[in-house]
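The values are calculated or read from the model by the stated rules, or taken from the named source; none is laboratory data. Quick caveat: nothing in here was measured; it's all calculated off a predicted structure. For neighbour counting, all protein chains shown are included, and Cβ atoms are generated from backbone atoms with ideal geometry for every residue, glycine included. Side chains are part of the model used for accessible areas, which takes the heavy atoms of the whole protein and leaves out ligands, DNA and RNA. Shrake-Rupley method; radii C 1.70, N 1.55, O 1.52, S 1.80 Å.
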Amino acid sequence: MDFEVIIPGEPRALRRARAGRRGAHVVMYDPAGNVSDKGEVRAALAHAMNGHPPLPPGVPVAVHVIAVHQLPASKHRKRDPRPSEPKTSKPDLDNVLKLILDAANGVVWHDDCQVASALVEKRVAAQGEAPMTRVGIWTMDAASAAEEG
């Protein structure tokens, strides 16, 4: 199974879990933004799966994520449009990846522990390019998974 999905809009990152008190107990909860962000990613991945069931446990998977962030208006130039360039500010790329991996649980694969290889890039969009997150997912055979590790 090999496919690519493009999630339009500004790339988002998984927010840190929060703690709150319920009487004498401390409970952990997902911030509200995480739930909606995961839902959007999950819907895009489910559409790309086209009704296929998730990969069974034990199947190694490789993931390539390119997060393209909006070019700030202050960086626009009239005569010489800016090209795409690496992004070195927030959000952290591991949090961008974590949102994708968590959202794909039960949709693309059984659990994100099946991801044996991941490549993540953060970029600032070229002038005129729309922000998006491009996700490529493919299964690895046992030999290529052993070479990666």
Is there a residue in segment 95-104 that is open to solvent by 70 Å² or more (accessible area, probe 1.4 Å), modelled with pLDDT under 95 and not aliphatic (A, V, I, L, M)? no
I'd like to know if segment 28-38 contains one or more residues that are open to solvent by 60 Å² or more (accessible area, probe 1.4 Å), part of a helix (DSSP H, G or I) and touching a strand residue (DSSP E or B) at 6+ places or on another chain (Cβ under 9 Å). no
Which of the residues belonging to segment 60-83 are within 19 Å of Ala118 (Cβ to Cβ) and open to solvent by 40 Å² or more (accessible area, probe 1.4 Å)? His64
Index of the failed condition, His52 passing every other in (1) crowded, with 18+ Cβ neighbours inside 10 Å; (2) touching a residue at least 40 places away in the same chain (Cβ under 8 Å); (3) of a type outside the set (Lys, Arg): (1)
From the set of residues in segment 3-20 that are modelled with pLDDT under 90 and assigned to a strand (DSSP E or B), which is surrounded by the most Cβ atoms within 10 Å (Cβ to Cβ)? Arg18
Scan segment 16-38 residue by residue and report those that are under 26 Å from His69 (Cβ atoms) and free of Cβ contacts under 8 Å to residues at least 60 places away in the same chain. Arg16, Ala17, Arg18, Asp30, Pro31, Ala32, Gly33, Val35, Ser36
Just to be sure, is Ala118 open to solvent by less than 70 Å² (accessible area, probe 1.4 Å), under 16 Å from Ile7 (Cα atoms) and outside any loop (DSSP other than H, G, I, E, B)? no
Which listed residue is in contact (Cβ under 8 Å) with a residue 60 or more places away in the chain, closer than 22 Å to Arg12 by Cβ and assigned to a loop (DSSP other than H, G, I, E, B), from Val107, Val59, Val63: Val107
Subset tally (residues that are β-branched (Val, Ile, Thr) and more than 16 Å from the chain's Cα centre (by Cα)) for segment 80-123: 1
